[in-house]
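Visitor: Just dropping this structure here.
The values are calculated or read from the model by the stated rules, or taken from the named source; none is laboratory data. Note that the structure is a prediction, hence the values are computed from the model and not measured. FYI the Cβ positions are ideal-geometry reconstructions off the backbone, even for glycines, and counts take in every protein chain you see. Ligands, DNA and RNA are stripped out before the accessible areas are found, and what is left, the full protein with its side chains, is counted by its heavy atoms. Shrake-Rupley method; radii C 1.70, N 1.55, O 1.52, S 1.80 Å.
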Amino acid sequence: MSDDKTSLKKVVADYLRKHPDFLNNHPDVLEVLELNHQSGPAVSMIERQVEQLRARNEDTSRQLKRLVQVASENEKLMSRLHALTLELMLIDSKQEFFTHLGNSLLNDFNADILQICLFDQEIAAQAGADVMAIRADDPAIEPFQAQLEKSQTSCGRLNESKLNFLFGSKARWVQSTALVPLGPRGADGMMAIGSSDPSRFYPGMGTLFLDLLANVISATLALDEPEVQRRTA
């Protein structure tokens, strides 16, 4: 094995001697080489600059890999959202609609628990046990009002009283939550997705998938409104 390494080193050395411009033509190779200057214990300015450039290059590479990973994840989510929308369009039963929606969210969005609250009592009754019916003027909704009026998903941690209202006895397992308003300023209700992972839903994370899904849900709910109500809305 030692002889093989010695032979390989000789081949590389001979090649570089015959091609002295190799490193000029391949600067990416130079970036990962460690070249020490004969300056004793002191480190030359060039060495420091090379180390800084190498560290910056590694950081940039990590960022690019992360961006590529995020783009790939987003592409998969949007593809799944398109498929889910088509699936939901074919369902007439409200109970089947919300059951299918819940199963998809729990399976595709890596959530641990889901709670949907609707202000329309009749639709909520049709949706079955997976949906909570509550009046829009119920005092229990007041603590959520600021988040609902944003008309977009809010992510992060909720206080104990909010968690208890949304998830009941399972609230103690929820460490992060995505709260999704349904309808303009939460006019139709809200959807809460909980996770036992504290970092699963965090402030500032991308919520386009959930915001678009909320539009699909609200559009479906609007189909059940009386014609006169839709015209005056």
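Visitor: Which count do you get for residues in the range 180-198 that are within 20 Å of LEU118 (Cα to Cα), of a type in the set (D, E, K, R) and open to solvent by less than 70 Å² (accessible area, probe 1.4 Å)? Break it down stepwise before answering.
Guide: Applying the first criterion (within 20 Å of LEU118 (Cα to Cα)) to the range 180-198 yields 180-194.
Imposing the further condition that a residue be of a type in the set (D, E, K, R) reduces the set to 185, 188.
Filter once more, so that each one left must be open to solvent by less than 70 Å² (accessible area, probe 1.4 Å): 188.
Selection size over the range 180-198: 1.
Visitor: Which members of the range 127-148 meet the condition of being under 28 Å from the mean Cα position of the chain (by Cα) and part of a helix (DSSP H, G or I)?
Guide: ALA127, ILE141, GLU142, PRO143, PHE144, GLN145, ALA146, GLN147, LEU148
Visitor: Taking ILE134 as the residue in question, decide whether it is out of contact with any Asp or Glu (no Cβ under 8 Å at 6 or more places or on another chain) and more than 19 Å from LEU84 (Cβ to Cβ).
Guide: Values: out of contact with any Asp or Glu (no Cβ under 8 Å at 6 or more places or on another chain): yes; more than 19 Å from LEU84 (Cβ to Cβ): yes.
For ILE134, the condition - out of contact with any Asp or Glu (no Cβ under 8 Å at 6 or more places or on another chain) and more than 19 Å from LEU84 (Cβ to Cβ) - is met.
Visitor: How many of the residues in the range 122-160 are more than 21 Å from MET205 (Cβ to Cβ), open to solvent by 80 Å² or more (accessible area, probe 1.4 Å) and polar (S, T, N, Q)?
Guide: 1
Visitor: Right, next: So which residues in the range 199-214 are open to solvent by 70 Å² or more (accessible area, probe 1.4 Å) and in contact with a strand residue (DSSP E or B) (Cβ under 9 Å, 6 or more places away or on another chain), if there are any at all?
Guide: SER199, TYR202, PRO203, GLY204
Visitor: Moving on. If you go through the range 111-126 one residue at a time, how many are outside any strand (DSSP E or B) and under 23 Å from LEU148 (Cα atoms)?
Guide: So the first thing to find is which residues in the range 111-126 are outside any strand (DSSP E or B), and the list is 111-112, 119-126.
Then drop every residue that is not under 23 Å from LEU148 (Cα atoms), which leaves 111-112, 119-125.
Of the residues in that region, 9 qualify.
Visitor: Using the structure shown, decide if LEU77 is more than 30 Å from ASN110 (Cα to Cα), part of a helix (DSSP H, G or I) and either modelled with pLDDT under 75 or not charged (D, E, K, R) (or both).
Guide: Working: more than 30 Å from ASN110 (Cα to Cα): no; part of a helix (DSSP H, G or I): yes; either modelled with pLDDT under 75 or not charged (D, E, K, R) (or both): yes.
So LEU77 does not fit the description; no.
Visitor: Would you check which residues across the range 111-121 are open to solvent by less than 30 Å² (accessible area, probe 1.4 Å) and touching a Ser or Thr at 6+ places or on another chain (Cβ under 9 Å) and list them?
Guide: The answer is ALA111, ILE113.
Visitor: Of everything in the range 85-109, what is part of a helix (DSSP H, G or I) and touching a His at 6+ places or on another chain (Cβ under 8 Å)? Give them in sequence order.
Guide: Taking the range 85-109 as the starting set, the residues that turn out to be part of a helix (DSSP H, G or I) are 85-89, 94-108.
If the condition is that a residue be part of a helix (DSSP H, G or I) and touching a His at 6+ places or on another chain (Cβ under 8 Å), then GLU87, LEU88 are the ones that fit.
Visitor: Let me ask something additional. Within the range 184-198, which residues are in contact with a strand residue (DSSP E or B) (Cβ under 6 Å, 6 or more places away or on another chain) and of a type in the set (D, E, K, R)? Before you say what the answer is, go through the steps one by one.
Guide: Quick first cut of the range 184-198, residues in contact with a strand residue (DSSP E or B) (Cβ under 6 Å, 6 or more places away or on another chain) only: 188-195, 198.
Within the range 184-198, ASP188 is the sole residue that qualifies.
Visitor: Right, another one. Quick one: which residue in HIS37, HIS26 is touching an Asp or Glu at 6+ places or on another chain (Cβ under 7 Å) and either exposed (fewer than 10 other Cβ atoms within 10 Å of the Cβ) or at pLDDT below 75 (or both)? Give the derivation first.
Guide: Numbers: HIS26 fails: touching an Asp or Glu at 6+ places or on another chain (Cβ under 7 Å).
So the residue among HIS37, HIS26 that is touching an Asp or Glu at 6+ places or on another chain (Cβ under 7 Å) and either exposed (fewer than 10 other Cβ atoms within 10 Å of the Cβ) or at pLDDT below 75 (or both) is HIS37.
Visitor: Does the range 186-197 include one or more residues that are within 30 Å of MET78 (Cβ to Cβ), at pLDDT below 90 and not β-branched (Val, Ile, Thr)?
Guide: yes
Visitor: What number of residues within the range 95-110 satisfy the criterion of being out of contact with any Lys or Arg (no Cβ under 8 Å at 6 or more places or on another chain), in contact (Cβ under 8 Å) with a residue 40 or more places away in the chain and open to solvent by 10 Å² or more (accessible area, probe 1.4 Å)?
Guide: Qualifying residue count for the region: 1.
Visitor: Right, here's the next one. Just one of the numbered conditions (1) buried (at least 19 other Cβ atoms within 10 Å of the Cβ); (2) hydroxyl-bearing (Ser, Thr, Tyr); (3) in a loop (DSSP other than H, G, I, E, B) is not true of THR177; which one?
Guide: THR177 satisfies every listed condition except (3).
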